[in-house]
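S.K.: My questions all concern the structure below.
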Amino acid sequence: MKTVFYYVAIGLLIASCSSTKKTGTQEAKTSQEVVRIANDSLEYEIIIMDIGFDTYLNTIAKPMNFYSKEYYENKNRFYVTEWNIRARNPLRYRRNIYENQIDYDFNVDYGLEVNYKLYNYFKFVEYKYNQRFF
């Protein structure tokens, strides 16, 4: 599958790189921290591996229909642009946060769910890492 969105891998999952044997509980916990958003018909994929994002999305984030799809799209245009500027300047911005650029085509309709989760990922980064995009 062609990946339009590159992996947004902020948190390094140290447990997945460990050479020790994992218990079933640890494996389940690690898989819960990976959020995958994909649509095979549009051939795109977002994989977010940041510890706490799933919890943030389920507890702190507003419900998906709180804002319109257009609202999320407009916000994501700004966030993606600013994110990519920061990803291209690792000496100026924290490279452990902005590891990869996001290939977001402003002319593609990714739908409500993708735009909602992407928007909330940016809000999560602001919340967890005390980063301000505005």
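S.K.: Please go through (1) touching a strand residue (DSSP E or B) at 6+ places or on another chain (Cβ under 6 Å); (2) in contact (Cβ under 8 Å) with a residue 60 or more places away in the chain; (3) not β-branched (Val, Ile, Thr) for Met49 and return the number of the only condition it doesn't satisfy.
M.R.: (2)
S.K.: Moving to a separate point now. Would you check if Tyr56 is within 13 Å of Asn120 (Cα to Cα), aromatic (Phe, Trp, Tyr), surrounded by 13 or more Cβ atoms within 10 Å (Cβ to Cβ) and touching a residue at least 40 places away in the same chain (Cβ under 8 Å)?
M.R.: Yes, satisfied.
S.K.: Is there a residue in region 79-94 that is surrounded by 12 or more Cβ atoms within 10 Å (Cβ to Cβ) and touching a strand residue (DSSP E or B) at 6+ places or on another chain (Cβ under 7 Å)?
M.R.: no
S.K.: I'd like the full set of residues that are in a helix (DSSP H, G or I) and of a type in the set (Ser, Thr, Tyr), limited to region 105-134.
M.R.: Those that are in a helix (DSSP H, G or I) and of a type in the set (Ser, Thr, Tyr): Tyr116, Tyr119, Tyr121, Tyr127, Tyr129.
S.K.: Quick test for you: out of Asn84, Asn74, pick the one residue that is closer than 21 Å to Ile47 by Cβ, polar (S, T, N, Q) and not in a loop (DSSP other than H, G, I, E, B).
M.R.: Of Asn84, Asn74, the one residue that is closer than 21 Å to Ile47 by Cβ, polar (S, T, N, Q) and not in a loop (DSSP other than H, G, I, E, B) is Asn84.
S.K.: So, one more: When the residues of region 95-113 are filtered to those that are within 20 Å of Met49 (Cα to Cα) and of a type in the set (Val, Ile, Thr), which remaining residue is surrounded by the fewest Cβ atoms within 10 Å (Cβ to Cβ)?
M.R.: Per the criteria, the residue is Ile97.
A short reminder: the numbers here are calculations on the coordinates, not readings from a lab. Note that the structure is predicted; figures quoted are calculated from it, not measured. For neighbour counting, all protein chains shown are included, and Cβ atoms are generated from backbone atoms with ideal geometry for every residue, glycine included.
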